[in-house]
Structures are given as structure tokens and as C-alpha cells.
1. Anything in region 14-55 that is within 16 Å of the ligand (Cβ to nearest atom), more than 21 Å from ALA71 (Cβ to Cβ) and of a type in the set (A, V, I, L, M)? List them, or say none.
2. Just checking, how many residues over region 166-189 are charged (D, E, K, R), within 18 Å of ILE152 (Cα to Cα) and either in contact with a helix residue (DSSP H, G or I) (Cβ under 6 Å, 6 or more places away or on another chain) or assigned to a loop (DSSP other than H, G, I, E, B) (or both)?
3. Go through (1) under 16 Å from SER470 (Cα atoms); (2) surrounded by 12 or more Cβ atoms within 10 Å (Cβ to Cβ); (3) of a type outside the set (Ser, Thr, Tyr); (4) over 24 Å from the mean Cα position of the chain (by Cα) one by one and return the number of the condition TRP242 breaks.
4. Out of (1) more than 30 Å from LYS369 (Cα to Cα); (2) within 16 Å of the ligand (Cβ to nearest atom); (3) under 25 Å from the mean Cα position of the chain (by Cα), the odd one out for ARG326 is which?
5. When you look at LYS250, is it away from the ligand (no atom under 16 Å from the Cβ), outside the structural domain of LEU57 (by TED's automatic domain parsing) and within 21 Å of the chain's Cα centre (by Cα), yes or no?
6. When you check ASN228 against the structure, is it surrounded by 13 or more Cβ atoms within 10 Å (Cβ to Cβ) and either closer than 27 Å to SER304 by Cβ or out of contact with any Leu (no Cβ under 6 Å at 6 or more places or on another chain) (or both), yes or no?
7. For region 83-90, state whether one or more residues are among the basic types (Lys, Arg), touching a residue at least 12 places away in the same chain (Cβ under 8 Å), within 16 Å of the ligand (Cβ to nearest atom) and out of contact with any helix residue (DSSP H, G or I) (no Cβ under 6 Å at 6 or more places or on another chain).
8. So which of ALA219, ALA148, ALA159 ends up being within 15 Å of the ligand (Cβ to nearest atom), without any contact (Cβ under 8 Å) to a residue 24 or more places away in the chain and small (Gly, Ala, Ser)?
Amino acid sequence: METPSAQRRLRYVIIGAGMAGLLAAIKLQERGEADITIYEKGDSIGGTWRENRYAGLTCDVPAHAYTYSFAPNPDWSRFFASGAEIKRYFEAVAVRYNITRFIHFNTEIMSCTHTTAGWELTLNDGSHDRADVVIAATGVLHHPNIPALEGIEEFAGEAFHSARWKDGISFSGRRAGIIGGGSTGVQLLCALVEGADHVVHFNRSPQWIMPVKDFAYSAEERRMFRENPQLIEAIRNGEEYWNGVMRFNKAIIEPDSPEMAEIEAILLQNLEQSVTSPELREKLRPTYRAACKRLIYSERYYESIQNPKAILETDAIARIEPKGVRMKSGVLHELDVLVLATGFKADRFVRPMTVLGQNGADLNQVWAKRPTAYLAVSIPQFPNFFLLNGPTGPVGNFSLIDIAERQWGYIEQLLEPIRAGRFSQVAPRPETLADYEERRKVAARKTVFASGCTSWYLDDEGIPSTWPWSYSRFAEEMAHARLEEYDYA
Ligand code: NAP
């Protein structure tokens, strides 16, 4: 590789100062690039960990695996870190790598327009900027899904989405309701049930629960991690973690595999052994296959839902009334606080930003049917516009940091001929993406995500918009870019 000084200098604009945006800036700086700007519409870094601050928020990927490979953290306080601790980790990394100087907070990019001179950007204050390369690191689960529940405006208590948490809110002695039984709703129920007067969990499609063990690291263990980084490496790159990832991955893509049978047996045993009341057990028994929806890892859900202060409500909601939630059965649950753990509009990605590529291509129209990108990273007619954690990437219970790092390595390869001055822009060929999409959809239909449930993984035709092959294949594809599949100009 030529040294950066011998290479063409490019101007990079990164959209979003979350995990992936910070990663891109650190990596660019590391290779000697200096013309970098990160635009962040919020007032602080952290992305999803800034937006989500709900009670009980943790990451169900082990903390040492949910860490940049180049910035291990011996100080994680627990096996599964809390959202607040993860946000502090990203803030500390940004300071340590001196990249906060690149960030413009409270600045939203309204449009990106491709011109003969590269990308022209319009910001929310009306000003303009330009870039040779745009990195969209805008996250996936970003725009709250607020269900159209009749009467929600008339609720007399406090109602808000889990990603619009009311800091400082007290549940002590109050009657709380949580709508939604995904990872968020489950974590919330476990966190709120002790302090509240009671909590009604409106969980119309209870999920399979993978039992896990969370634990605190002692001061002595943290000292050992500091003194011997190999101990951290043994967790993040050790057999136990990766065997688990590979087993889960095989189960997803081959739902009739022994790996899936093994997972199903664990989940079934967890349900049978953890829930004592036969009636409650049946209400909690999912009607679809394990991992069809994103698998929930929880140490405490079954215990918490059996707390006398918890009420599981699986009936459909008829409407919201000033006093609470009225079920189709006619039952009214009177509540003081209602949390909507109802998920996100997962098909937005960079939108609502306007992105106009070559020949007037409008990303909103290109993505009208479903968002997609070649290998989840780039889109025909949108040269030098790259996505981190874009559509069709691996989803499931993986570390999105590992995914973004591999994607970054791939983008670096695509940029090499441009940095070397041979070309000024790159985009995948339309036929490359068309062929990829065709193969991807065929494989996606065979994954467990398509086995008969609803989830945010599915597109409008019910096809999972996910990476449908093995994780090893993803790693392999990212490690070896085939530049011949791209149009360089
Ligand atoms: P979600 O998985 O999309 O779950 C949304 C829940 O809301 C579902 O139970 C859904 O029921 C319910 N719901 C939606 N509309 C409803 C309505 N009108 N009436 C009743 N129920 C309704 O959302 P999430 O729990 O926020 O999780 C989203 C993703 O965030 C996760 O899959 C995961 O990727 C990520 N996450 C990760 C962690 C972590 O620890 N790593 C923690 C939290 C979130 P149906 O299923 O019946 O539609």
C-alpha cells in the first residue's frame, strides 16, 4: 500500500457520532487522513446508547465482545454492560483517540447531492459543505415506532416511547404498563417490577427466552484484565464466545440443523422449568420458532413475570382510555405510566435525509420498495457513499461493532484505487446489486426469520432484509473485496 502522503487527499464526511461513525473517524485518522468531519444531529455522542436510556437497559452481547478490537476495556463492571456504561466507553474512546474535534453537534444533514465535484451537503442551518467520500453511520433502530392505538392522546397519565425516556421518572408506588415484549420490553419489565405498585406487561406475542448469567467483575478481575490483556482476548476471541456465535448463526440459516435443535431444547427447558403455573406457562409459550424474532437473552424475565406485582396481558389492546388500557376482552388496566416498547421503523436508515445520486437517482425512490445495498455497504449510482450497518447486513445476536469493523475494512479496499489517484469515484454495478439481491432473497427465505412470525427483520413482502449466509462468509466477503464488481471512474 502506498503511504497516505503519496496518495490523493480526500475529504471525508461521516454522518453520525455513534459507534460506527466514531470507528470510521478513528480508522481514517489512524491512516493519516486529516480532512474529516462528523456531523451529529444530537448534542452528544453514543448513537443508540444516547437515544436509549430506559430503566434496565443493558447490551445482551458480552461487554468484552461489544468493544472495539483496538480499544479493549479492562474496566467493564459486568459481563453484560449497562447502556450508560457503554455510552461512557464510547465517550472515553472518542477522547482517547482525539476525534471529538471532528464532531459538529446539533447538526443534521438535510441532503447529500452528487455532483461532478463530489458530494454537496446541505445542513439544517442552511449552510453547505462538500465531501469526496460520505460515510453514513446513521444506525438502524433509530426512528421510534409509535403504534396507532386509538385514544393514546387521551391517556391522563404519562405515556412515552422507550427511546424517549423521561430522565428521573419515578415508578415508586405507581401503576405501570409496558407495551411490547421484545428485548426492550423484557428488560423494562425486569427493571420496573420491584419498585412499581404493579406492572402490566402487554405482550401480545411472548418470545422465547434464552437463559444467561450476568455477573459483576470484581476489582481483582479488572486489575487482572488490565495487567494481562490476553484474558480479555480470551473472552472476546475465545472459543466460548465464538462457538456460541457460530452455533447461533448455523441455527438461523439452517433451521433444521442440530444447532437449532439444541437451542430449541434450551429454550423449551427454560420455559418448562422456570415458570411454575401451568396457565402462565401456556400464556408465555411462543407460537413460532425459536429465533424467528430476535432471540431474547434474559436472566430474569421469567422470574420477574412471576412476581406477584407483574401481570401478563396477552390479549389484543382495544384502545387507550384516560384511565388506562382497555383490552378487546373488555378488561381495563388502570395505569399511571405507560411505556411504549414498541420498537423502531427499521427500514429508514439514512432517511428522511434526501440523497440524490447520479442521473437524478433519489435514494428514497431507489429504496421505495425495500432498502438494500451491495453487501450492505454501497449502492449503484451513489458513488463514494458508503453505509456502515446498512441494509442486508448480518442481524441476530451479534456484535454490531465487529460487523462495522469488518465493513470498514471492506470500504478501505474500495477506496484504495481512488486514494492512489487512479480514479475519483466508485459505485457497485447495477447488475452486481441485482444479482446479489436475487441470491440473497432466495437464501433469506430459508432462514428461520422467515419461518412464520412478524419482526422488524422482515420487509414489506415478508422477506428477511438480512444477511442470509454464514457469518464466516460475511467475514470472508468483507476481507476480500472484488473490485471488478464495481464501476470506477
Ligand atoms: P421489537 O423487538 O421490534 O419489539 C416490539 C414489540 O412491540 C413487540 O413485542 C411487538 O409485538 C410490540 N408491538 C408493536 N406494536 C404493537 C401494538 N400496536 N400493540 C401491541 N404490541 C405491539 O422492539 P424492541 O424490543 O425495542 O427491540 C428492537 C431491537 O433493538 C431488538 O430486536 C434488538 O435488535 C435491539 N435491542 C437490543 C438490546 C440488547 O440488549 N442488545 C436491547 C434492546 C433492544 P409483535 O411482536 O406482536 O409485533
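1. ALA55
2. The total comes to 1.
3. Here TRP242 clears every test but (4).
4. (3)
5. yes
6. no
7. Looking through region 83-90, none of the residues is among the basic types (Lys, Arg), touching a residue at least 12 places away in the same chain (Cβ under 8 Å), within 16 Å of the ligand (Cβ to nearest atom) and out of contact with any helix residue (DSSP H, G or I) (no Cβ under 6 Å at 6 or more places or on another chain).
8. Criteria check complete, one pass: ALA148.
The values are calculated or read from the model by the stated rules, or taken from the named source; none is laboratory data. What you see is a predicted model, and the numbers here were worked out from it, not measured in a lab. Methodologically, a virtual Cβ is constructed for each residue, glycine included, from the backbone with ideal geometry; neighbour enumeration extends over all protein chains shown.
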